[in-house]
Amino acid sequence: MTDPIYIDTGRSVSGWSFWGPLFACDQLWFIKNIAPPPPNPGMLEARTQGSMGHILLGHHYARLGAAQPGGFVFEGQTHTDPEDFLDPVEAVRRWAREADRRGEDASPFIANTIELYRQYRIREPYFPDRVVGVEQLARLTLGTNKDGEFGLWVDENLDEPTLLDCPALFEAHPAAPLLKHGEPIHVTKRLDLIAESGQNGKIYIDDHKVTGGSVSKSVVDKYAMDGQFSVNDWVGRQTWGEQYGGVRLNLVQRRDPWQVRKQVVPAAPRRNKLFPRHLYYKAHHLAEMLAGTVSGDLGQDDWQMTQTDLLCYHRFGRCDGFDICRFG
Ligand code: SF4
């Protein structure tokens, strides 16, 4: 018998954790990718419990998917036995052990995550939809499709990639190994849960948000303009066409009263349409900054600071760069 599958929900070198900070603040991108300080305690707790929640729910829904009639496909293989996947709590323990070895001190959060799982199953005893995919990695490339339309395309629809035009960056910087002159520009996105609705037959991409804050209805509005969901939109429309229903947030409170709320993220069609163009600009801007950094013409002080109160001091507390920006 083979070992049960442990699902990796980690970051990728061209995912939203790579591109997202660039849309917010150049200095933040530098700090996160080139010279990271220890994160603030509030951020560390939120990140650790968020990662543990993803591990937990990834394995939970994989086992549910395998238990449904016909099972589901994970990484090209159909699974019909829930035992093919590691028990969710065991998966959390394993993730915590690995995080501890990296010096992230995750073990103190195991007990709370186990309680979260108990509470989650009380509140979500039945999944009315069909699991289509779990922690599926999507990869898109900037370029044109067969109709000559510029956008972000999955491999089957891509006709001609738009290559990075920055001769000064002929060698990739270690912090951005895929960004290089003459190479395609990629975005990847891990899709937490893909589900076919039992109510309307639409396919939704569910995004787990394990939060210490509120899960009230107004929370979902904040995510309408979150660029990571533009990536979901480009993947979803190409993969499922008219059947694609959008993104749902699976908001899970990680403390009493342990509320769970699932809501559809409001559409942002203008932003989605413009996203590839803006990604193209951002990729070229980043390439120029990296080329200057490699050559020594630019230092950290040349990476611009957005310096606005809402970004510098957000809902998890201080931005990781707060003191560096303030004092150096
Ligand atoms: S503290 Fe503000 S200016 Fe500095 S990196 Fe963070 S968001 Fe940018």
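The values are calculated or read from the model by the stated rules, or taken from the named source; none is laboratory data. Remember, it's a predicted structure, so these values are computed and weren't measured experimentally. Cβ sites come from the backbone with ideal geometry, for glycine too, and all protein chains shown count toward neighbours.
Among the residues making up segment 227-256, those that are closer than 28 Å to Asn157 by Cα and in a strand (DSSP E or B) are Tyr244, Gly245, Gly246, Val247, Arg248, Leu249. Can we say Arg130 is at negative phi and free of Cβ contacts under 8 Å to residues at least 12 places away in the same chain? Considered against the rule, which asks whether it is at negative phi and free of Cβ contacts under 8 Å to residues at least 12 places away in the same chain, Arg130 comes out as no. When each of Tyr281, Tyr313, Tyr244 is tested for being farther than 26 Å from Lys32 by Cα and among the hydroxyl-bearing types (Ser, Thr, Tyr), the lone residue that passes is Tyr244. Taking segment 204-226 as the range and being in a helix (DSSP H, G or I) and either touching a residue at least 60 places away in the same chain (Cβ under 8 Å) or not hydroxyl-bearing (Ser, Thr, Tyr) (or both) as the test, the residues that pass are Lys217, Val219, Val220, Asp221, Lys222, Ala224, Met225. Considering (1) within 16 Å of the ligand (Cβ to nearest atom); (2) within 18 Å of the chain's Cα centre (by Cα); (3) basic (Lys, Arg), the lone condition that Arg248 does not fulfil carries the number (1). Just checking, does segment 71-86 include any residue being part of a loop (DSSP other than H, G, I, E, B), touching a Pro at 6+ places or on another chain (Cβ under 6 Å) and modelled with pLDDT of 95 or more? Within segment 71-86, one or more residues are part of a loop (DSSP other than H, G, I, E, B), touching a Pro at 6+ places or on another chain (Cβ under 6 Å) and modelled with pLDDT of 95 or more. Beta carbons closer than 6 Å, at least 6 apart along the sequence or on distinct chains, pair a first residue in segment 21-35 that is farther than 13 Å from His173 by Cα and modelled with pLDDT of 95 or more with a second that is surrounded by fewer than 21 Cβ atoms within 10 Å (Cβ to Cβ) and hydroxyl-bearing (Ser, Thr, Tyr) for Cys25/Thr306. Residues satisfying the criterion are absent from segment 155-165 (criterion: in a strand (DSSP E or B) and β-branched (Val, Ile, Thr)). Restricting attention to segment 113-137, the residues being of a type in the set (Gly, Ala, Ser) and either closer than 19 Å to Tyr280 by Cβ or at pLDDT below 95 (or both) number 0.
Exactly one residue out of Lys273, Lys217, Lys282 is modelled with pLDDT under 95 and not polar (S, T, N, Q), and it is Lys217. Restricting segment 40-60 to residues that are touching a strand residue (DSSP E or B) at 6+ places or on another chain (Cβ under 6 Å) and surrounded by fewer than 20 Cβ atoms within 10 Å (Cβ to Cβ) leaves a set whose member that is nearest to Ile194 (Cα to Cα) is Gly50. Of the residues Arg63, Arg11, the single one that is touching a helix residue (DSSP H, G or I) at 6+ places or on another chain (Cβ under 6 Å) and surrounded by fewer than 20 Cβ atoms within 10 Å (Cβ to Cβ) is Arg11.
Could you list, in sequence order, the residues of segment 290-328 that are buried (at least 17 other Cβ atoms within 10 Å of the Cβ), away from the ligand (no atom under 11 Å from the Cβ) and more than 24 Å from the chain's Cα centre (by Cα)? Ala291, Thr293 - these are the residues of segment 290-328 that are buried (at least 17 other Cβ atoms within 10 Å of the Cβ), away from the ligand (no atom under 11 Å from the Cβ) and more than 24 Å from the chain's Cα centre (by Cα). The C-beta contact set for segment 94-122 (first residue free of Cβ contacts under 8 Å to residues at least 12 places away in the same chain and exposed (fewer than 12 other Cβ atoms within 10 Å of the Cβ), second residue assigned to a loop (DSSP other than H, G, I, E, B) and of a type in the set (A, V, I, L, M, F, W, C), distance under 7 angstrom, 6+ apart or interchain) is empty.
Scanning segment 22-46 for residues that are within 25 Å of Arg254 (Cα to Cα) and within 12 Å of the ligand (Cβ to nearest atom), we see that the one that is nearest to the chain's Cα centre (by Cα) is Met43.
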